[in-house]
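See structure below.
The values are calculated or read from the model by the stated rules, or taken from the named source; none is laboratory data. Everything numeric in this text was worked out from a predicted model, so none of it was measured. Glycine also receives a Cβ, built like all others from the backbone with ideal geometry; neighbour counts cover every protein chain displayed.
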Amino acid sequence: MKFKGRDIISIKDFTRQEIDYILKIAGEMEPVAKSGSDILHGKLLATLFFEPSTRTRLSFESAMHKLGGSAIGFAEAEITSVKKGENLADTVRVVENYADVIALRHPLEGAARLAAEFAKVPIINAGSGAEEHPTQALLDLYTVWKELGRIDGVNIALVGDLRYGRTVHSLAYALSLYDVKLHLVSPDSLRMRREVLDTIKERIKVVEKRTIEEILPRLDVLYMTRIQKERFPDAAEYAKVKGSYKVDLRLLEDAKKDLIILHPLPRIDEIAAEVDATSHARYFQQVWNGIVTRIALLALILGATE
Amino acid sequence: MKFKGRDIISIKDFTRQEIDYILKIAGEMEPVAKSGSDILHGKLLATLFFEPSTRTRLSFESAMHKLGGSAIGFAEAEITSVKKGENLADTVRVVENYADVIALRHPLEGAARLAAEFAKVPIINAGSGAEEHPTQALLDLYTVWKELGRIDGVNIALVGDLRYGRTVHSLAYALSLYDVKLHLVSPDSLRMRREVLDTIKERIKVVEKRTIEEILPRLDVLYMTRIQKERFPDAAEYAKVKGSYKVDLRLLEDAKKDLIILHPLPRIDEIAAEVDATSHARYFQQVWNGIVTRIALLALILGATE
Amino acid sequence: MKFKGRDIISIKDFTRQEIDYILKIAGEMEPVAKSGSDILHGKLLATLFFEPSTRTRLSFESAMHKLGGSAIGFAEAEITSVKKGENLADTVRVVENYADVIALRHPLEGAARLAAEFAKVPIINAGSGAEEHPTQALLDLYTVWKELGRIDGVNIALVGDLRYGRTVHSLAYALSLYDVKLHLVSPDSLRMRREVLDTIKERIKVVEKRTIEEILPRLDVLYMTRIQKERFPDAAEYAKVKGSYKVDLRLLEDAKKDLIILHPLPRIDEIAAEVDATSHARYFQQVWNGIVTRIALLALILGATE
């Protein structure tokens, strides 16, 4: 399998075989995440974040440092040439001179794809509009695989904002490559986008619901998401659905003993703090797995491992 | 003495013996500050600054680089997940996955303590509200010790905003562990906080004054502070006291020949530029000593020295 | 020739012999730009950008990383002590304790010179007001030299905002040390500053024009610039001249086969996208040459090469 020089734009660009391979390499990279290495000594990552995301940016930078490389970049569009009117294609053709790989977050759908068309160095999509967040999907899969020992056969629910949440779009696509039973739980106004639904229904069993309660007892994985205020075109619309779902100890009484709860974070109040201490909570381990997965991706696309 | 894995939250958590030990290690770290090292090669510092402070942030990052490590982080809350509503406990439990140690600056008192309760990695308080700034106190002590050869027996005055200035709170506590004579000079509205005063008066001799002139001739150390506009709840209150104290050549005519003047910086007009060239001025050396002291702290809590 | 410890403030501080030497070293540093090195292992660059400039800041940081060093700094004045009222002289005397070299961008003319007077470490002017941008001029010269094999004898036009554009001021001075024919193309309101014109006219042949068309056929180098909105005191004045010049395929029909087009970037619409694919376009190679030139400068002033 050839990853060197490859862009990571959409989870849809990967076969199941390729994803399995990435997960395997991630597993092998756990020691690097723990103790560091000099695998990418002398290599540079540029993090171009046109939208703020401390979490994802720091995760990429930490991964690069643990590989022995370094990182440069910016954390918000306000302080960039974009303010001076530069287009993304130019920005990318400039920055490719500075770094060996670019992690790009952008508010517009299609931005990462466009960047990859212009760039000579690999582009990693670190979130583009409400569309895709492929490295999040990979780390989510890695978490399921590491925690449950398998992905095939699991009963998984994606809960919350399935319409604007890019994380769940990428994850739903990725899961559809496996033999899972997928439950989609959302208010009517935040149902999974039609085009995602159509694609994944061709491959796996998908059930849409309005409440967690009616499916909880059968679940192996409960994937919660934040209802993201900043993605709503309309504040009134947001007010109607915020706080729709909340996982607490009482709800979890009906859960399987080994149910795991995931969340891409940050959370607001979708998961009560009292849940953190239970054996179900895996959302902070997920953060660790994000480092591990991004270490694997950087090592693969920069040709440091095969 | 065991420092590995320890949080640096409040100067009150340290005994005199421990502080003396930190100063000794700082002295030994001067060559590292000058020429760099690979002592912490592969280690990562996260600087989480929810309040801007270029000076302190760059000092920590410089210290980490001189130890051979690297740094990631953010410089203001605006561009973080906090904007999305995340609480500090979650932020810390995320970031501890990215880095080996966290330096935290936060506008709220108690923030560093809370962070330390949740974090598995050591937390260094880089300033919390108007409360504490322990690494500044340590570098101040180191400066006195390095410049005068002793801390015991010195006559020292803290001047300016003793109410809102976190630096002087930490420093007053630290000094009270030594046999010093402490003069507190401030306008009435900016007198040292009651709880600090009560504690230190049990241990050392403390005198409160309204002017520098009346005590200057006896002083070994004149510690000036900026009256910090941003800490005042009321602009009118600020206008009344700003510019209360100003050290210039004329004032210094009455000073001891070997008086040293310190300032945590930035200064506005508390110290006239003409003073910079005198042998009294030590505030820029203080900055250097900050690097040295932070190198010592990072090396100690990451277990690279004992 | 002695570069160690030297400030890079104005192109006017350099002789032709010195510039030639810098270009030679830049040529030798191409492998470092490509593959990295450990030449400046343990050294720190501070990038103090009081004005946003992603491009220049990332270029310096990339250069430092490729030399094996590290970088710290800030990207906008908003998040610095300046907000607290600190003056530049103090900022510099603080930061010189943190780093081995400082790259400074500042909105005020004279800022870099002032900084250099106070700093013990070398200062590199990364742009000061509308005045100078010496490292841009050096990378521009390097690009001409590398692409055309010579600087003497070339026919070069500087086009656009010659009044407020600091890049063209530095470049015009630099070119006047060589035997070039210089064409200055601008609207009347944006003519080259008098003091620059007077100086360079003493040394080389300078012709001022209002259109590109009348001189294009003879040109070896067409240097386009953006008309910088942010430098105009008056919005109406800006509206009158923006879009004055635009290079497209039709215009280029009259160009020499081996004309090269340069631009300091970012561009808005001075160069049509259709030009990017022609053999004339060299503005993205210019970015690469910027890394190479800054690697050479950092290595020289930190004494890593001679």
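Scanning the range A:215-229 for any residue that is touching a Phe, Trp or Tyr at 6+ places or on another chain (Cβ under 9 Å), at pLDDT below 95 and not β-branched (V, I, T) turns up at least one such residue.
Listed here are the residues, each with its yes/no results for (1) crowded, with 23+ Cβ neighbours inside 10 Å; (2) farther than 24 Å from B:H280 by Cα.
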site	(1), (2)
B:V159	yes, no
B:G165	yes, no
B:L171	yes, no
B:L177	no, yes
B:L182	yes, no
B:R191	no, yes
B:L197	no, yes
B:E202	no, yes
B:K209	no, no
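For B:L222, the stated conditions hold: it is in contact with a helix residue (DSSP H, G or I) (Cβ under 9 Å, 6 or more places away or on another chain) and either more than 14 Å from every other protein chain (Cβ to nearest Cβ) or under 30 Å from B:A99 (Cβ atoms) (or both).
So the check is Cβ under 9 Å with 6+ separation or different chains; which pairs have a first residue in the range A:229-243 that's at positive phi and a second one that's surrounded by 12 or more Cβ atoms within 10 Å (Cβ to Cβ)? Sorted first by the residue in the range A:229-243, then by its partner, the pairs are A:G243/A:I227; A:G243/A:I268; A:G243/A:D269; A:G243/A:E270. Evaluated against (1) more than 30 Å from B:P107 (Cα to Cα); (2) under 19 Å from the mean Cα position of the chain (by Cα), B:E213 falls short on exactly one condition, (2).
Just so you know, in the range A:1-36 the residues that are in a loop (DSSP other than H, G, I, E, B) and buried (at least 17 other Cβ atoms within 10 Å of the Cβ) include one that is nearest to the other protein chains (Cβ to nearest Cβ), and it is A:G36.
Hey, among B:P187, B:P217, B:P233, which residue is touching a Ser or Thr at 6+ places or on another chain (Cβ under 6 Å) and away from every other protein chain (no Cβ under 14 Å)?
Values: B:P217 fails: touching a Ser or Thr at 6+ places or on another chain (Cβ under 6 Å); B:P233 fails: touching a Ser or Thr at 6+ places or on another chain (Cβ under 6 Å).
Result of the check over B:P187, B:P217, B:P233: B:P187.
Tell me the residue from A:Y98, A:Y164 that is within 14 Å of chain C (Cβ to nearest Cβ) and either under 26 Å from A:A299 (Cβ atoms) or touching a residue at least 40 places away in the same chain (Cβ under 8 Å) (or both), please.
On the way: A:Y164 fails: within 14 Å of chain C (Cβ to nearest Cβ).
Unique residue meeting the criteria: A:Y98.
Residue count for the range A:154-193 satisfying the condition of being farther than 14 Å from A:S244 by Cβ, out of contact with any strand residue (DSSP E or B) (no Cβ under 8 Å at 6 or more places or on another chain) and not in a loop (DSSP other than H, G, I, E, B): 3.
Of the residues that make up the range A:258-265, is at least one over 29 Å from A:E30 (Cα atoms) and acidic (D, E)? Walk me through how you get there before you give the answer.
Step one: of the range A:258-265, the residues over 29 Å from A:E30 (Cα atoms) are none.
No.
Against the conditions (1) among the hydrophobic types (A, V, I, L, M, F, W, C); (2) surrounded by fewer than 22 Cβ atoms within 10 Å (Cβ to Cβ); (3) modelled with pLDDT of 95 or more; (4) touching a Phe, Trp or Tyr at 6+ places or on another chain (Cβ under 8 Å), B:V292 satisfies every one except (2). Contact map, the range A:40-59: residues that are touching a residue at least 24 places away in the same chain (Cβ under 8 Å) paired with residues that are of a type in the set (D, E), Cβ distance under 6 Å, separation 6+ or inter-chain. Pairs shown: A:K43/A:D100; A:L44/A:D100; A:P52/A:E76.
Screening B:K257, B:K240, B:K246, B:K229 for residues that are surrounded by fewer than 22 Cβ atoms within 10 Å (Cβ to Cβ) and more than 29 Å from B:D188 (Cβ to Cβ) leaves exactly one candidate, B:K257. Would you be able to say whether some residue in the range C:171-184 is touching a Ser or Thr at 6+ places or on another chain (Cβ under 8 Å), modelled with pLDDT of 95 or more and among the β-branched types (V, I, T)? So far as the range C:171-184 goes, no, none of its residues is touching a Ser or Thr at 6+ places or on another chain (Cβ under 8 Å), modelled with pLDDT of 95 or more and among the β-branched types (V, I, T). Restricting the range C:261-282 to residues that are facing chain A (nearest Cβ under 9 Å) and at pLDDT 95 or above, the residue that is farthest from the chain's Cα centre (by Cα) is C:A273.
Scan the range A:49-70 and give yes if some residue there is within 8 Å of chain C (Cβ to nearest Cβ) and over 18 Å from the mean Cα position of the chain (by Cα), otherwise no. Steps first, answer last, please.
Kept after step one, since they are within 8 Å of chain C (Cβ to nearest Cβ), are these residues of the range A:49-70: A:70.
In the following step, the residues that additionally are over 18 Å from the mean Cα position of the chain (by Cα) were identified as A:70.
Looking through the range A:49-70, at least one residue is within 8 Å of chain C (Cβ to nearest Cβ) and over 18 Å from the mean Cα position of the chain (by Cα).
Quick one: would you say A:R294 is among the basic types (K, R) and in contact with a Lys or Arg (Cβ under 7 Å, 6 or more places away or on another chain)? It is false that A:R294 is among the basic types (K, R) and in contact with a Lys or Arg (Cβ under 7 Å, 6 or more places away or on another chain). Evaluated against (1) in contact with a helix residue (DSSP H, G or I) (Cβ under 6 Å, 6 or more places away or on another chain); (2) within 25 Å of A:K242 (Cα to Cα); (3) in contact (Cβ under 8 Å) with a residue 24 or more places away in the chain; (4) of a type outside the set (F, W, Y), A:A281 falls short on exactly one condition, (3).
I'd like the residue in the range C:295-306 that is more than 14 Å from chain A (Cβ to nearest Cβ) and β-branched (V, I, T) and, out of all such residues, is surrounded by the fewest Cβ atoms within 10 Å (Cβ to Cβ).
In the first step, residues of the range C:295-306 are kept if they are more than 14 Å from chain A (Cβ to nearest Cβ); the result is C:296-306.
Within this subset, residues satisfying the condition of being β-branched (V, I, T) are C:301, C:305.
Working: C:I301: 20, C:T305: 17.
Checked the range C:295-306; the qualifying residue surrounded by the fewest Cβ atoms within 10 Å (Cβ to Cβ) is C:T305.
The sole residue among C:L158, C:L104 that is in the same structural domain as C:R294 (by TED's automatic domain parsing), in contact (Cβ under 8 Å) with a residue 40 or more places away in the chain and not acidic (D, E) is C:L104.
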